[in-house]
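Chemist: First the structure, which I've put down as C-alpha cells, then a few questions once you've had a look.
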Amino acid sequence: MSVNRLLRVGSVAVASLGVLALSACGSDPEPSGSSSPGTSESSAGAECPQGTLNAEGSSAQKNAIDEVISKYNEKCADVTVNYNPTGSGAGIKQFNAAQVDFAGSDSALKPDEMTAATKRCANNAAIDLPMVIGPIAIAYNVDGVDKLVLDGPTAAKIFQGTIKTWNDPAIAKLNSGVSLPSAPISVFFRSDESGTTENFAKYLKASGGGAWTGEPAKKWTGTGAGKEKSAGVAEGVKSSKNSITYVEWSYAVDNKLGIAQIDNGSGTPIDLSAESAGKALAAAQPAGSGSDLALKLDYATKAAGAYPIILVTYEVACTKGLPAEKTALVKSFLSYMASKDGQASLTDLNYAPLPEEIRTKVDAAIQTIS
C-alpha cells in the first residue's frame, strides 16, 4: 500500500487528538474460558492465537484495515485476516447472518440491526466499537478549478440536483475570482448500501438549510450516476471532467482529486485535515450505553476550524457467543487495531486518530469480549 500521501499528520494533530495506547497483539491475556486451536510466539514475545478471521463491510476503511492487517501479521504471523470491503450494509447483513466474525460499518447499528446482532451473538450483547476516523471529502474534477469552496446549502443543492451547472451564482458567490465553467455538473454517488452515503446525507440534512429533502439512509436519494463502493465513485470522478462526488478522504488523495474546502459558517473556509476533522469529532456525544460506543456527530457544527463532514467506522462485534477460537482471534486483532502501533500505522493514510477519551472507552469495551 502506498505511503506517498499528500497530507501527513503532524505533531500538532497527534497532541490534540491523542494517540491510542493499547497493548499490541496478544499482550492481553487470552479471554477467560476460551482456548484457540494453538498459539504461537509473536515477534514481541507475546502469545498470538492461530487461525482465520473473516470480516466484511465498510469500504471507507479498506485502506486502513489493509494496513493494520499487514502490521498485525508482522507480530502474529499464524493468523489470517480476510476483510471484504462490500459496504457497510452488506457487512452488517453478513455479520447478522453469522457469515463473518465481525463487521465494519460507517454507521452504528440501528435498533432493528442491533436486535438481529444480539440474536447472532447467541443472545449476548453486540457492540459498536469506533475504530477508524475517516473524513469524507467532497471530491471534484473541474476544468481550470484548483480550489473550490462549498457550504452546506450549496452542496445540498448540487447533490439534490437543483444546482445543475458549475457557474451557478451560488457556487460563484463562494468562489470569487475563480473561473467556473458553464458545463453541467456530473454527480457520482454510491450505488451500494453505504455508511459513507448515510453520513454524507446527514451532513446535507443538518447543514443544508432545507435544500436536502431526503432522509439520511445507506441508500442514496439524491441525483447522479451510481458507482459501486468508494473506489468506484473515486474512479468515476477521476475519469470524468466537471464531476463531483463524496468519498472517504484517502480515496480522494490516492486518485489525486480536488478536495473542496467547507465553509461551516465560522467565517473561514476549512481545509480537510486530521486536525480539522478531529475538531469536529470533539463535538460528538455518546449515543450508546454500556460497552456499546455509538457516537452522535454534530454535522452542523460552526466551531472554528472544524471540518464537519466526518464518519466513524465501527467494528461491530459480539461480546460473547462466538466459538472460543473465534473469540480469541477477534479480541487479539481488534486489540491490535486499537493499539498505539495499530493506530500509528494509519497516520500516513489520511485517517485521524481517536481522541484519548474515546480511546480509553474502546480499550475497556474490547476487554469485555470473552
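Chemist: Which is open to solvent by 20 Å² or more (accessible area, probe 1.4 Å), in a loop (DSSP other than H, G, I, E, B) and touching a helix residue (DSSP H, G or I) at 6+ places or on another chain (Cβ under 6 Å), of Ala98, Ala116? I'd like the intermediate steps shown before the answer.
Modeler: Details: Ala116 fails: in a loop (DSSP other than H, G, I, E, B).
Of Ala98, Ala116, the one residue that is open to solvent by 20 Å² or more (accessible area, probe 1.4 Å), in a loop (DSSP other than H, G, I, E, B) and touching a helix residue (DSSP H, G or I) at 6+ places or on another chain (Cβ under 6 Å) is Ala98.
Chemist: Hey, another quick one. Could you tell me whether the range 74-84 includes any residue that is out of contact with any strand residue (DSSP E or B) (no Cβ under 9 Å at 6 or more places or on another chain) and not hydrophobic (A, V, I, L, M, F, W, C)? Break it down into steps so the answer makes sense when it comes.
Modeler: First pass over the range 74-84, keeping only residues out of contact with any strand residue (DSSP E or B) (no Cβ under 9 Å at 6 or more places or on another chain): 74.
When the remaining residues are screened for being not hydrophobic (A, V, I, L, M, F, W, C), the result is 74.
Taking every residue of the range 74-84 in turn, at least one turns out to be out of contact with any strand residue (DSSP E or B) (no Cβ under 9 Å at 6 or more places or on another chain) and not hydrophobic (A, V, I, L, M, F, W, C).
Chemist: Here is a check on your reading of the model: is Gly177 open to solvent by 40 Å² or more (accessible area, probe 1.4 Å), on the phi > 0 side of the Ramachandran plot and in contact with a Pro (Cβ under 9 Å, 6 or more places away or on another chain)?
Modeler: Details: open to solvent by 40 Å² or more (accessible area, probe 1.4 Å): yes; on the phi > 0 side of the Ramachandran plot: yes; in contact with a Pro (Cβ under 9 Å, 6 or more places away or on another chain): no.
When the stated conditions are applied, Gly177 does not pass them.
Chemist: Given the criterion of a type outside the set (D, E, K, R) and in contact with a strand residue (DSSP E or B) (Cβ under 8 Å, 6 or more places away or on another chain), identify the matching residue among Asn242, Asn167.
Modeler: On the way: Asn167 fails: in contact with a strand residue (DSSP E or B) (Cβ under 8 Å, 6 or more places away or on another chain).
None of the others qualify; the one that does is Asn242.
Chemist: Looking at Leu257, is it of a type in the set (A, V, I, L, M, F, W, C) and under 23 Å from Ile127 (Cβ atoms)? Before you say what the answer is, go through the steps one by one.
Modeler: Numbers: of a type in the set (A, V, I, L, M, F, W, C): yes; under 23 Å from Ile127 (Cβ atoms): no.
So Leu257 does not fit the description; no.
Chemist: Now, a different point. At least 1 residues that are open to solvent by less than 50 Å² (accessible area, probe 1.4 Å) and over 30 Å from Lys173 (Cβ atoms) in each: list the helices (runs of 4 or more DSSP H) lying fully within the range 220-303 that qualify.
Modeler: Working: elements: 229-238, 249-254, 274-281.
Where helices (runs of 4 or more DSSP H) fall fully within the range 220-303 and carry at least 1 residues being open to solvent by less than 50 Å² (accessible area, probe 1.4 Å) and over 30 Å from Lys173 (Cβ atoms), they are 229-238, 249-254.
Chemist: Okay, next question. For the range 119-140, give me the residue count where each residue is assigned to a loop (DSSP other than H, G, I, E, B) and crowded, with 22+ Cβ neighbours inside 10 Å.
Modeler: In the first step, residues of the range 119-140 are kept if they are assigned to a loop (DSSP other than H, G, I, E, B); the result is 121-125.
Next, from what is left, pick out any that are crowded, with 22+ Cβ neighbours inside 10 Å: none.
Counting residues in the range 119-140 that are assigned to a loop (DSSP other than H, G, I, E, B) and crowded, with 22+ Cβ neighbours inside 10 Å gives 0.
Chemist: Inside the range 142-169, can you point out the residues that are over 14 Å from Leu204 (Cα atoms) and open to solvent by 30 Å² or more (accessible area, probe 1.4 Å)?
Modeler: Once the filter is applied, which keeps residues that are over 14 Å from Leu204 (Cα atoms) and open to solvent by 30 Å² or more (accessible area, probe 1.4 Å), the range 142-169 yields Asp143, Gly144, Asp146, Lys147, Lys164, Thr165, Asn167, Asp168, Pro169.
Chemist: Quick one: count up the residues across the range 189-231 that are polar (S, T, N, Q) and out of contact with any strand residue (DSSP E or B) (no Cβ under 8 Å at 6 or more places or on another chain).
Modeler: Pass one, the range 189-231, residues polar (S, T, N, Q): 191, 194, 196-197, 199, 207, 213, 221, 223, 230.
Imposing the further condition that a residue be out of contact with any strand residue (DSSP E or B) (no Cβ under 8 Å at 6 or more places or on another chain) reduces the set to 194, 213, 221.
So the count comes out to 3.
Chemist: So is Ala260 within 27 Å of Pro184 (Cβ to Cβ) and at pLDDT 95 or above or not? First the steps, then the outcome.
Modeler: Numbers: within 27 Å of Pro184 (Cβ to Cβ): yes; at pLDDT 95 or above: yes.
Spelling it out, Ala260 is indeed within 27 Å of Pro184 (Cβ to Cβ) and at pLDDT 95 or above.
Chemist: When you check Lys361 against the structure, is it among the charged types (D, E, K, R), in a helix (DSSP H, G or I), open to solvent by 40 Å² or more (accessible area, probe 1.4 Å) and farther than 23 Å from Thr80 by Cβ, yes or no? It would help to see each step written out before you state the result.
Modeler: Numbers: among the charged types (D, E, K, R): yes; in a helix (DSSP H, G or I): yes; open to solvent by 40 Å² or more (accessible area, probe 1.4 Å): yes; farther than 23 Å from Thr80 by Cβ: yes.
Spelling it out, Lys361 is indeed among the charged types (D, E, K, R), in a helix (DSSP H, G or I), open to solvent by 40 Å² or more (accessible area, probe 1.4 Å) and farther than 23 Å from Thr80 by Cβ.
Chemist: Sort out which residues of the range 193-219 are of a type in the set (Val, Ile, Thr) and open to solvent by 20 Å² or more (accessible area, probe 1.4 Å), and write them in order of number.
Modeler: In the first step, residues of the range 193-219 are kept if they are of a type in the set (Val, Ile, Thr); the result is 196-197, 213.
Answer for the range 193-219, where residues must be of a type in the set (Val, Ile, Thr) and open to solvent by 20 Å² or more (accessible area, probe 1.4 Å): just Thr213.
Chemist: May I pose another question? Filter the range 45-67 down to the residues that are modelled with pLDDT under 95, under 15 Å from Leu329 (Cα atoms) and open to solvent by less than 20 Å² (accessible area, probe 1.4 Å) and list them by number.
Modeler: Residue satisfying the conditions is Cys48 alone.
Chemist: When only residues in the range 320-345 that are modelled with pLDDT of 95 or more and not in a helix (DSSP H, G or I) count, which is nearest to Phe102 (Cα to Cα)?
Modeler: Among residues in the range 320-345 that are modelled with pLDDT of 95 or more and not in a helix (DSSP H, G or I), the one nearest to Phe102 (Cα to Cα) is Leu322.
Chemist: Suppose the filter is modelled with pLDDT under 95 and closer than 18 Å to Ser105 by Cβ; does Thr301 pass it? First the steps, then the outcome.
Modeler: On the way: modelled with pLDDT under 95: yes; closer than 18 Å to Ser105 by Cβ: no.
It is false that Thr301 is modelled with pLDDT under 95 and closer than 18 Å to Ser105 by Cβ.
Chemist: Counting only residues that are assigned to a loop (DSSP other than H, G, I, E, B), touching a Gly at 6+ places or on another chain (Cβ under 6 Å) and either of a type in the set (Val, Ile, Thr) or modelled with pLDDT of 95 or more (or both), how many does the range 101-113 have?
Modeler: If we filter the range 101-113 for residues that are assigned to a loop (DSSP other than H, G, I, E, B), which is where we start, we get 101, 106-110.
Now drop any that are not touching a Gly at 6+ places or on another chain (Cβ under 6 Å), which leaves 106-107.
Then keep just the ones that are either of a type in the set (Val, Ile, Thr) or modelled with pLDDT of 95 or more (or both); that gives none.
Matching residues across the range 101-113 total 0.
Chemist: Please go through the range 71-95 and pick out each residue that is within 26 Å of Tyr203 (Cβ to Cβ), open to solvent by 20 Å² or more (accessible area, probe 1.4 Å) and in contact (Cβ under 8 Å) with a residue 40 or more places away in the chain.
Modeler: Pro85, Thr86, Ala90
Chemist: Which condition breaks for Thr313 when tested against (1) open to solvent by less than 30 Å² (accessible area, probe 1.4 Å); (2) in a loop (DSSP other than H, G, I, E, B)?
Modeler: Thr313 satisfies every listed condition except (2).
The values are calculated or read from the model by the stated rules, or taken from the named source; none is laboratory data. Worth saying up front: this structure is predicted, and the values here are computed from it rather than measured. When we count neighbours, we look across all protein chains shown, and the Cβ atoms used for this are built from the backbone with ideal geometry, even at glycine. The accessibility values were calculated without ligands, DNA or RNA, using every heavy atom of the protein model including side chains. Shrake-Rupley method; radii C 1.70, N 1.55, O 1.52, S 1.80 Å.
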